[in-house]
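These notes concern the structure reproduced below.
The values are calculated or read from the model by the stated rules, or taken from the named source; none is laboratory data. Fair warning: this is a prediction, and the values are worked out from it, not measured in the lab. For neighbour counting, all protein chains shown are included, and Cβ atoms are generated from backbone atoms with ideal geometry for every residue, glycine included.
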Amino acid sequence: MEDERPKKADATPRASALIESLRDIGYSLPTALADVIDNSITAGASAVKIHADTLTDDPTIAIVDDGAGMDRDTLVEALRPGSRNPREERANNDLGRFGLGLKSASFSQCRRLTVLSRHGGVLSGARWDLDEVAETDRWEISLIEDGAGMPHAQLLRGDGTIVLWEKLDRVDGGYRHDARKRAQHINQALAAAERHLRIVFHRFMERSGKGRLSISINNRVLPPIDPFASKHPATQIDPEEALTLSHGMVRIRSFTIPHHKAMKRDEWEELGGPEGHLRSQGFYIYRGDRLIISGSWLGLARQTELTKLCRIRVDIPNTMDADWKIDVKKASAQLPPAVKDRLRKIVERFVQTSKRTYRKRGQKLTDETRAPMWQRLMKDGAIVYQPNSDHPTLVEFEERLPEDLRREFRNCISLVGAGLPVESLHADLLGQAE
């Protein structure tokens, strides 16, 4: 009887083609740097130092950490694309996902990736050079015996790792023959990456003692950005809610950040970032304390002026990666149906509460404990604003007027309300607050 099993054919991917494809997964410089730092955190690093030499003919970027480091075998495996199965169980502090991050993040920015690592006092090194791969079409890396002549190698004083990017063809802005403009472009790109790192890793940077992380760029330590302003006395923080699912627990907490009048101008602007508070509201999803998604309602609500102070923190463990469809870049996710139903209820309750707070409550929107100077009324299907003629100060003043002037006083109050330039005020406030 003939063998009925189908014949096999070798379908090993061409190295030169696939490795070039890995460059275009969608990383930006900020997300690429963050993915490399994920490995530093997993290795137990307390400090990550980013050094950029932009004024030379061949600019370089080095990410240096003081983590546990790797021996030669571990390093070679770490440089293998797809070095980990995403279905494998990981330690709680492991921020990896597909075993692709170090390679795909680095390839997205440069054509030569060198990793030098010291573990137990023993130095090991290896290098991917995409130009060599293009010539040989082989999945081969070069082993490095020591770091002699390697840029920034002197920064690795004890155990730890240096990730070196050379041939920065994706970072140089196309200024291959203009050193000044090239350096300016790279420095601007690094400056833009600062905010991303400050907010993505803010919970690690805010820790005290073991587990605290310091991140610096060219010897300048980056301060964290807490998107919830959780230490500000005017921030409203709701109790934490928990949702237990088959692959772990989801923890949810809602925050209402202070109105811009309750904050210093620089604090308010830093909290809102370059896109402003309107685009910063919504969910902030963390995986192992590392920010994955920021400033999105994920289709559960609209971003409006009345909800721009709303932030909802969602914490998920790395055991739920498949449920949330975490991508390679760890920059996007999708809500699992069970979580979506729960979050929809939380969002509806939280958003309505926030709107009432922002409007000062109710149809007439008066505060029962403090009379507002203005009333917000619904009239003929439209919202209008009028001075509150029942305000204690106005009532007291009116009572001191002669009877014949009281009607004129009320007419003047009505005239002020009718002439209120609502649209101009709205435009001005948007410009100032954002």
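Determine whether the range 279-286 contains at least one residue that is buried (at least 16 other Cβ atoms within 10 Å of the Cβ), of a type in the set (Ser, Thr, Tyr) and touching a helix residue (DSSP H, G or I) at 6+ places or on another chain (Cβ under 6 Å).
Scanning the range 279-286, I find at least one residue that is buried (at least 16 other Cβ atoms within 10 Å of the Cβ), of a type in the set (Ser, Thr, Tyr) and touching a helix residue (DSSP H, G or I) at 6+ places or on another chain (Cβ under 6 Å), so the answer is yes.
Which number in (1) touching a strand residue (DSSP E or B) at 6+ places or on another chain (Cβ under 7 Å); (2) surrounded by fewer than 20 Cβ atoms within 10 Å (Cβ to Cβ) marks the one condition that Pro6 misses?
The one condition Pro6 does not meet is (1).
Quick one: how many residues across the range 200-224 are surrounded by fewer than 20 Cβ atoms within 10 Å (Cβ to Cβ) and not in a strand (DSSP E or B)?
Count: 13.
All but one of (1) of a type in the set (D, E, K, R); (2) in the same structural domain as Leu113 (by TED's automatic domain parsing); (3) under 16 Å from the mean Cα position of the chain (by Cα) hold for Asp172; state the number of the condition that does not hold.
In the conditions (1) of a type in the set (D, E, K, R); (2) in the same structural domain as Leu113 (by TED's automatic domain parsing); (3) under 16 Å from the mean Cα position of the chain (by Cα), Asp172 misses (3) alone.
Identify, from the list Thr60, Thr54, the residue that is in contact with a helix residue (DSSP H, G or I) (Cβ under 6 Å, 6 or more places away or on another chain), surrounded by 20 or more Cβ atoms within 10 Å (Cβ to Cβ) and of a type outside the set (D, E, K, R).
From the options Thr60, Thr54, the qualifying one is Thr54.
Quick one: how many residues across the range 101-115 are closer than 20 Å to Ala153 by Cβ, among the polar types (S, T, N, Q) and in a helix (DSSP H, G or I)?
Qualifying residue count for the region: 1.
Just to be sure I understand, how many residues within the range 261-313 are among the β-branched types (Val, Ile, Thr) and either assigned to a loop (DSSP other than H, G, I, E, B) or free of Cβ contacts under 8 Å to residues at least 12 places away in the same chain (or both)?
We begin by selecting, within the range 261-313, every residue among the β-branched types (Val, Ile, Thr); these are 285, 292-293, 304, 307, 312.
Next cut, either assigned to a loop (DSSP other than H, G, I, E, B) or free of Cβ contacts under 8 Å to residues at least 12 places away in the same chain (or both) only: 304.
Residues that pass the stated criteria total 1.
Given the condition modelled with pLDDT of 95 or more and surrounded by fewer than 21 Cβ atoms within 10 Å (Cβ to Cβ), answer yes or no: does some residue in the range 167-180 qualify?
yes
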